[in-house]
Every structure is written in structure tokens, then in C-alpha cells.
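The block underneath contains the structure these notes are about, expressed in C-alpha cells.
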Amino acid sequence: MEIEDKIIDESRQGEAINIESGDKNGKKLFLESYGCQMNFSDSEIVASILTEIGYSTTQSLDQADLILLNTCAIREKAEQTVRNRLKHFNQLKKIKPSLTIGVLGCMAERLKDKFLEEEHLVDLVVGPDAYRDLPNLLKETDDGRSAVNVILSKDETYADLNPVRLGGNGVTAFVSITRGCDNMCTFCVVPFTRGRERSRDPHSIVQESIELYNNGYREITLLGQNVDSYLWYGGGLKKDFKKATEMQKATAIHFAQLLEMVANAVPKMRIRFSTSNPQDMSREVLHTMAKHKNICKYIHLPVQSGSTSVLNRMNRQHTREEYLQLIDDIREIMPECALSHDMIAGFCGETEAEHQETLSLMEYVKYDFGYMFAYSERPGTPAEKKMADDVLDDVKKRRLREIIELQQKHSETRMNAYLGKIHEVLIEGNSKKSDKEWMGRNTQNAVVVFPKTGTEKPGDFVQVKVNACTSATLIGEKI
Ligand code: SAH
Ligand code: F3S
């Protein structure tokens with residue numbers, strides 16, 4: 001069996017999407033996104049900015065005047081995918097020399113103008129904080145020059161922009177609440193590509209949530225690299241909070257309060273959030289989740305390793321024991337809460353004993369779901385600078401396989417526990433296999449499939465009795 005360095009979940013480690021919307025000035029944009037949910041959410045901001053200057057979007061490459069790739073730099077493989085895609089666009093440009101090709105997102109930020117040297121067909125390189133500059137940059141490319149803006153910002157949150165909802169189901173949407181990350185996990189490129197952490201004005205978050213509800217959406221996911229670290233004190237970087245006035249400090253809004261505000265503002269909307277960082281997840285957040293029925297009982301709580309010594313080398317700010325204490329607290333406060341994780345196999349210096357600690361932590365938690373990766377060294381990160389990527393490839397792959405197999409066993413156990421029970425399901429659309437069946441999720445984020453009865457539609461909450469399951473899907477009938 002060939003090992004993929006991840007386990008399946010389309011909503012997160014998304015496949016490329018492209019989009020269709022609007023009419024306007026004759027110029028057509030083809031926008032393709034890779035990587036995390038934040039990138040997909042950012043693409044909606046980019047579409048909004050370009051729609052305002054008259055672009056319409058197309059799903060057909062042949063029609064495109066402008067191709068934008070919103071890229072991911074998290075692992076080498078993600079970058080390779082983008083490089084291969086660019087090769088394909090090279091052919092298109094030979095046929096249509098007026099075509100403009102731009103690279104957005106984390107790879108743009110990481111490589112900056114080096115991208116133009118390495119990939120000759122690229123005209124435009126724009127980092128995640130510079131999308132407002134796209135109209136100006138496009139003018140430069142219209143005049144035949146290449147254009148680059150990779151300036152990271154202290155306060156950009158795109159709070160005032162109304163994202164154009166792309167390629168979605170009209171039921172679930174992302175709402176971005178923080179940008180950047182201050183954590184400096186030694187393996188991670190994100191702090192370098194997305195800059196320092198800053199939070200978005202809570203009132204604009206609430207307003208966007210209400211608008212989404214009024215437009216028929218029934219589930220939002222509040223997004224950030226580390227949502228539990230959310231802190232609004234009037235704008236600016238999180239690290240500058242210590243310089244805030246006493247008044248700003250006294251009236252600052254933390255994540256638990258933001259959750260409460262959103263839960264109250266849209267009581268019939270389901271609320272999810274991602275990603276939680278164990279070091280910042282407060283007990284207050286757990287109590288807020290327990291208190292509000294519309295906050296989903298699911299936490300994505302990456303741990304990366306079950307070994308305190310590895311966590312230390314990764315510069316994660318908690319131990320194995322502290323993480324397990326948090327898990328115990330979650331189980332106590334919300335016994336029905338589902339949990340998922342991110343795990344890295346074969347980080348620098350990882351011994352067999354440390355790997356076994358990862359497996360034993362997984363045995364303790366029995367996660368519902370996991371995203372599992374082989375360590376991929378990223379240029380410029382502290383790990384790349386200071387540590388040897390010394391776990392042999394075969395060993396990394398074997399450890400990853402053991403982690404994936406254990407997770408599959410746990411996912412099956414979790415799915416089996418849902419059998420015979422009634423679940424509230426939010427219908428998202430047709431099931432992948434058949435248009436005679438609906439697909440939705442329960443509060444724990446498990447996918448549920450059931451036959452249509454003719455009286456329900458996407459966006460409805462229905463009660464479904466689950467009779468069977470596979471390792472990733474619950475199968476039931478509406479009651
Ligand atoms: N806080 C972020 C984490 C971003 S990266 C979030 O919102 O999801 C997502 C996951 O990719 C990480 O949790 C980690 O498990 C994995 N990852 C990051 N850098 C990696 C690397 N260099 N090699 C392998 N996996 C990595
Ligand atoms: Fe990366 Fe760690 Fe932040 S994984 S995104 S540096 S929390």
C-alpha cells in the first residue's frame with residue numbers, strides 16, 4: 001500500500017476548487033485554491049476584490065484572462081502540486097500570450113520575487129496580506145510588467161469586505177476571525193507566510209454571521225490558525241496587547257466571549273471553529289460550548305506528538321500530561337464532544353519510544369478523526385535551521401502508517417457507537433454517491449447519509465436514525 005501523508009477529509013485539506021459567479025467587464029478570472037480552510041476563505045475575499053473592479057469568474061480555463069492560484073506551503077508536496085499545475089498553465093500561455101498568471105497565498109509569501117525567477121510564466125506574486133493591492137498590481141501587469149506585493153501587515157483582517165461565497169453549498173460558510181500566528185512551532189512555515197497574529201473586530205464577525213443567516217446559511221466555521229488566542233482590544237497585533245491602555249485591557253474580548261456573542265446573535269445557526277491550540281484553549285470556552293446548543297460538539301485539537309520531549313523540540317507550549325488533562329476536562333464538561341487531531345510522524349530526532357508515546361496517547365483519547373502527516377522539512381523554519389531531519393524516510397512512512405491504522409480503528413469504534421441513535425443532521429446537499437440521498441453532518445461533524453423523502457431540502461435540520469456505518473460515514477433514515 002502506498003502511504004499518502006494525510007488521511008482523507010475534503011473540507012480541510014481541500015482539493016482544488018474553482019468558481020463561477022457574476023457578470024461585468026468582460027475579463028474572466030479562474031481562481032484555484034489549495035491547502036487549508038483559511039486559503040479557501042481568502043479566495044472568497046480575493047473574488048470580492050476582483051468582482052468590484054469588474055472581473056467575473058469562470059470555471060473554464062479556456063475562457064480565463066487571469067488565472068490565480070491560491071497556494072499552500074505547509075509541506076513540500078503541497079508546493080510540488082502547485083509547480084505541476086503551473087507547468088500545465090505554461091501550455092495555455094503559449095496559445096494565449098495575453099493570459100495573466102498570478103500566485104497568491106503562502107507559497108507567494110515564502111518565495112517572494114524568487115518565484116518570478118523560478119517560474120517564468122508567472123506575472124504576479126501576492127502574499128496573504130496584500131490582496132487589497134490586487135487592482136493596482138493588475139494594472140502593472142496590463143502594462144507588461146510583473147508585479148509583486150508580499151508585505152505582511154500589522155492590522156489587515158479584511159474585516160470590511162463582503163466575501164463572494166465560492167463553490168459552496170449555500171448552507172455552510174467560513175468566517176475568518178484571526179490572521180497570522182505567533183506560536184513559532186519549529187516545524188511550521190505559517191508564522192513566516194502569514195505574519196503575526198491579529199484579530200478581527202467582533203462586531204464585523206457578528207454582522208457577517210447575521211448576513212449569512214439571512215442569506216440561508218445554517219452553519220458557520222470561525223477560522224483562524226489559533227482561534228482560542230482570539231483577542232480584540234480595538235485592533236492591532238496580539239503581541240502589542242501589553243501596550244494597550246487600561247480601558248482597552250478592561251474591555252478586551254476573548255474567544256469565549258466572541259463565541260457567546262455569535263451564538264446569541266444567530267441562535268439558529270450552527271457554529272463550529274477551527275483550529276484550537278491546546279495551550280490556549282480555556283475552560284471558559286468549554287463551558288460556553290456546553291451552554292449553547294448551537295455550538296457544535298466537536299473540537300479539532302492538534303497535538304502533533306504524544307511525547308513531551310518531541311513537543312518540546314517542536315516548541316509546542318504544553319506537555320503530554322497537560323494535553324491529557326484538557327482531554328479529561330472536555331470529556332467531563334461535554335461527554336458527547338467529538339475530537340480530532342493533527343499528528344506529525346518522524347519529527348527531528350524522534351525515537352521509537354517517542355513514537356510509541358504518540359500511539360499510546362491516541363489509545364487514551366480515541367479520536368474520532370485525524371489528519372496525519374510525515375514530517376516535511378520547510379526552508380527557513382527553526383527546525384530546518386537548527387535540527388537534523390534525521391528520521392529515515394522508510395521509518396517515517398512506517399510510523400505514519402501505524403498512526404493511520406490506529407486512527408482508522410478508533411474512527412470505526414466511534415462510528416459504531418453512533419449506531420441505533422437519533423442524530424440532528426443539517427442537510428448540506430446530495431450525497432456523493434446518489435442524488436436520491438442527502439448528505440449532512442451531526443453536531444460531532446460525522447457525515448450522515450440518508451434517503452430523500454421529498455419533504456426536506458438543503459439547509460434543513462432533520463432527525464435521522466442511524467442504522468449502519470462505514471469507517472467514515474453514518475447511514476440512516478429520516479424519522
Ligand atoms: N494552526 C494551524 C495549523 C496549520 S498547519 C491550523 O489552523 O490548522 C496544519 C497541520 O499541518 C499542523 O497542525 C501540522 O500537523 C501539519 N504540519 C505543519 N507543518 C508541517 C511540516 N513541516 N511537516 C508535516 N506536517 C506539518
Ligand atoms: Fe503553525 Fe504552530 Fe501556528 S502549527 S500555524 S506555528 S500554532
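The values are calculated or read from the model by the stated rules, or taken from the named source; none is laboratory data. Fair warning: this is a prediction, and the values are worked out from it, not measured in the lab. FYI the Cβ positions are ideal-geometry reconstructions off the backbone, even for glycines, and counts take in every protein chain you see. To get the accessible areas, we keep the full protein, side chains included, count just its heavy atoms, and leave off ligands, DNA and RNA. Shrake-Rupley method; radii C 1.70, N 1.55, O 1.52, S 1.80 Å.
Mind counting the residues in the stretch 183-208 that are hydrophobic (A, V, I, L, M, F, W, C), surrounded by fewer than 22 Cβ atoms within 10 Å (Cβ to Cβ) and away from ligand 1 (no atom under 16 Å from the Cβ)?
The number of residues fulfilling the criteria is 1.
Condition (residue is of a type in the set (Ser, Thr, Tyr), without any contact (Cβ under 8 Å) to a residue 60 or more places away in the chain, farther than 24 Å from residue 405 by Cβ and more than 15 Å from ligand 2 (Cβ to nearest atom)) applied to the stretch 314-333: is it met by at least one residue?
yes
Take residue 455 and decide whether it is closer than 19 Å to residue 340 by Cβ and open to solvent by 60 Å² or more (accessible area, probe 1.4 Å). Explain how you work it out, then say what you get.
Values: closer than 19 Å to residue 340 by Cβ: no; open to solvent by 60 Å² or more (accessible area, probe 1.4 Å): yes.
Judged against the criteria, residue 455 is not a match.
Are there helices (runs of 4 or more DSSP H) fully within the stretch 237-291 with at least 1 residues that are buried (at least 18 other Cβ atoms within 10 Å of the Cβ), aromatic (Phe, Trp, Tyr) and under 23 Å from the mean Cα position of the chain (by Cα)? List them.
Counting at least 1 such residues, we get 255-265.
Does residue 180 satisfy the condition of being open to solvent by less than 20 Å² (accessible area, probe 1.4 Å), within 22 Å of the chain's Cα centre (by Cα) and on the phi > 0 side of the Ramachandran plot?
yes
Given the conditions (1) open to solvent by 20 Å² or more (accessible area, probe 1.4 Å); (2) at pLDDT 95 or above, which single one is not true for residue 448?
Condition (1) is where residue 448 drops out.
If you check residue 378 against the conditions, is it within 14 Å of ligand 1 (Cβ to nearest atom) and assigned to a helix (DSSP H, G or I)?
no
Looking at 166, 138, which one is more than 19 Å from the chain's Cα centre (by Cα) and touching a residue at least 12 places away in the same chain (Cβ under 8 Å)?
Just a single option satisfies the conditions, and that option is 138.
Pick out the one residue from 321, 332 that is within 29 Å of residue 388 (Cα to Cα), more than 13 Å from ligand 1 (Cβ to nearest atom), assigned to a helix (DSSP H, G or I) and not polar (S, T, N, Q). Write out each step before concluding.
Numbers: 332 fails: within 29 Å of residue 388 (Cα to Cα).
None of the other options fit; the residue is 321.
Mind checking which residues of the stretch 158-177 are polar (S, T, N, Q) and either open to solvent by 30 Å² or more (accessible area, probe 1.4 Å) or modelled with pLDDT under 95 (or both)?
So in the stretch 158-177, the residues polar (S, T, N, Q) come out as 162, 169, 172, 176.
Matches in the stretch 158-177: 162, 169, 172.
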